[in-house]
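Peer 1: The structure's right below; bear with me while I get my questions together.
The values are calculated or read from the model by the stated rules, or taken from the named source; none is laboratory data. Because the structure is predicted, anything quoted here is derived from the model rather than measured. Note that each Cβ is placed from the backbone with ideal geometry, even for glycine, and that neighbours are counted across all protein chains shown.
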Amino acid sequence: MNRLISFFFLIFILAVSFGCKKDSKRRIEKFHRQDVGYSAFGILSDKDYKSLTVEIIFMTGFKPTDLAIDNLKQLISAQCNKPDGVRFIFREISPQVKSSYSIDDVVSIENEYREEFTYRKDLAICFLFLDGPSSENQGSSMVLGQAYYNTSMVIYEKSLKDNSGGFGEPELYKLETTVINHEFGHILGLVNNGTEMYHPHQDAANGSHCINSDCLMYWEAETGSLFSNLIGNSPIPTFDSNCLKDLKEKGGR
Ligand SMILES: [Zn+2]
Ligand SMILES: [Zn+2]
């Protein structure tokens with residue numbers, strides 16, 4: 001008898017889940033519309049998600065360099081427990097040739113072009129690479145990248161290209177690596193924004209950043225101050241021991 005009930009219950013569940021298929025896209029989108037840091041545990045740990053999909057959406061002419069993508073891959077494999085692997089998907093879109101992009105512009109581009117969403121044991125994250133600067137730039141104070149939802153990041157690639165490669169300027173891949181990895185650090189909940197601090201090290205005056213000026217999560221790492229910091233043989237910043245400890249405690253490697 002109990003088995004019969006279970007059988008009908010299963011049929012009922014199947015019927016309901018087919019009926020709800022239309023709702024599933026909405027649910028999926030809802031998953032990707034949480035605050036920055038919300039999915040830190042999901043990305044770091046293998047408990048809920050065994051693999052990661054990284055969707056790179058770039059406007060024609062603004063694809064990030066292979067070196068920067070390799071550096072992101074290295075960072076992910078160093079910090080994230082993903083036994084079923086990490087998949088990168090590249091999607092080229094037409095430039096919109098705007099003089100600047102607000103976060104609302106960025107969100108509508110993501111809404112239009114993003115195709116990879118979290119499904120079962122695979123968590124999806126997304127980077128946009130744009131052909132123009134942020135509308136939040138003010139004179140020499142520049143925003144080079146932003147993490148704006150739990151799985152969404154934007155890189156103002158034109159600003160990186162315009163300020164690299166020339167005399168007295170850093171190499172492009174170094175700028176890209178710093179900004180890409182910094183925004184990914186925010187998605188991982190740093191600093192104290194979804195991932196708890198093991199030792200106190202938040203530069204609260206500058207938001208979710210690290211007090212260590214040599215750390216990748218120092219606030220200047222996503223601003224124009226970066227240009228002079230990366231010239232010549234200056235190393236690309238990495239997570240300091242406090243940030244690494246936080247990630248490990250949150251389920252990372
Ligand atoms: Zn930041
Ligand atoms: Zn740090």
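Peer 1: Looking only at region 191-201, decide whether some residue is touching a residue at least 40 places away in the same chain (Cβ under 8 Å), among the aliphatic types (A, V, I, L, M) and within 11 Å of ligand 1 (Cβ to nearest atom).
Peer 2: Yes.
Peer 1: Same structure, new question: Going by the structure shown, is Y173 of a type in the set (F, W, Y), crowded, with 19+ Cβ neighbours inside 10 Å and either at positive phi or touching a residue at least 40 places away in the same chain (Cβ under 8 Å) (or both)?
Peer 2: yes
Peer 1: Here's something else I'd like to know. Please determine whether any residue of region 190-197 is surrounded by 18 or more Cβ atoms within 10 Å (Cβ to Cβ), more than 12 Å from ligand 2 (Cβ to nearest atom) and of a type outside the set (D, E).
Peer 2: yes
Peer 1: If K98 satisfies every condition in (1) outside any loop (DSSP other than H, G, I, E, B); (2) more than 15 Å from R33 (Cβ to Cβ); (3) of a type in the set (D, E, K, R) but one, which is the exception?
Peer 2: (1)
Peer 1: Let me ask something else. Residues to consider are L216, L226; find the one that is under 17 Å from S159 (Cβ atoms), surrounded by 20 or more Cβ atoms within 10 Å (Cβ to Cβ) and within 16 Å of ligand 1 (Cβ to nearest atom).
Peer 2: Values: L216 fails: under 17 Å from S159 (Cβ atoms).
Being under 17 Å from S159 (Cβ atoms), surrounded by 20 or more Cβ atoms within 10 Å (Cβ to Cβ) and within 16 Å of ligand 1 (Cβ to nearest atom) holds for just one of L216, L226, which is L226.
Peer 1: OK, next. Only one of P83, P64 is under 29 Å from S135 (Cα atoms), modelled with pLDDT of 95 or more and assigned to a loop (DSSP other than H, G, I, E, B). Can you tell me which? Show your work before the answer.
Peer 2: Numbers: P83 fails: under 29 Å from S135 (Cα atoms).
Of the residues listed, the single one that is under 29 Å from S135 (Cα atoms), modelled with pLDDT of 95 or more and assigned to a loop (DSSP other than H, G, I, E, B) is P64.
Peer 1: Further question on the same structure: Which residues, taken from region 203-213, are surrounded by fewer than 24 Cβ atoms within 10 Å (Cβ to Cβ) and within 9 Å of ligand 1 (Cβ to nearest atom)?
Peer 2: First, pick out the residues of region 203-213 that are surrounded by fewer than 24 Cβ atoms within 10 Å (Cβ to Cβ): 203-208, 211-213.
Matches in region 203-213: N206, G207, S208.
Peer 1: Taking E136, is it at pLDDT 95 or above, more than 15 Å from the chain's Cα centre (by Cα) and of a type outside the set (S, T, N, Q)?
Peer 2: Numbers: at pLDDT 95 or above: yes; more than 15 Å from the chain's Cα centre (by Cα): yes; of a type outside the set (S, T, N, Q): yes.
Criteria met by E136.
Peer 1: Okay, moving on. Kindly establish whether E29 is modelled with pLDDT of 95 or more and among the acidic types (D, E).
Peer 2: Details: modelled with pLDDT of 95 or more: no; among the acidic types (D, E): yes.
So E29 fails the test.
Peer 1: Go through region 237-253 and count every residue that is more than 18 Å from the chain's Cα centre (by Cα) and within 16 Å of ligand 1 (Cβ to nearest atom).
Peer 2: 2
Peer 1: Of all residues in region 216-228, how many are part of a helix (DSSP H, G or I) and either aromatic (F, W, Y) or in contact (Cβ under 8 Å) with a residue 40 or more places away in the chain (or both)?
Peer 2: Kept after step one, since they are part of a helix (DSSP H, G or I), are these residues of region 216-228: 219-222, 226-228.
The next check asks that each one be either aromatic (F, W, Y) or in contact (Cβ under 8 Å) with a residue 40 or more places away in the chain (or both); those that pass are 219, 221-222, 226-227.
Summing the residues that are part of a helix (DSSP H, G or I) and either aromatic (F, W, Y) or in contact (Cβ under 8 Å) with a residue 40 or more places away in the chain (or both) in region 216-228 gives 5.
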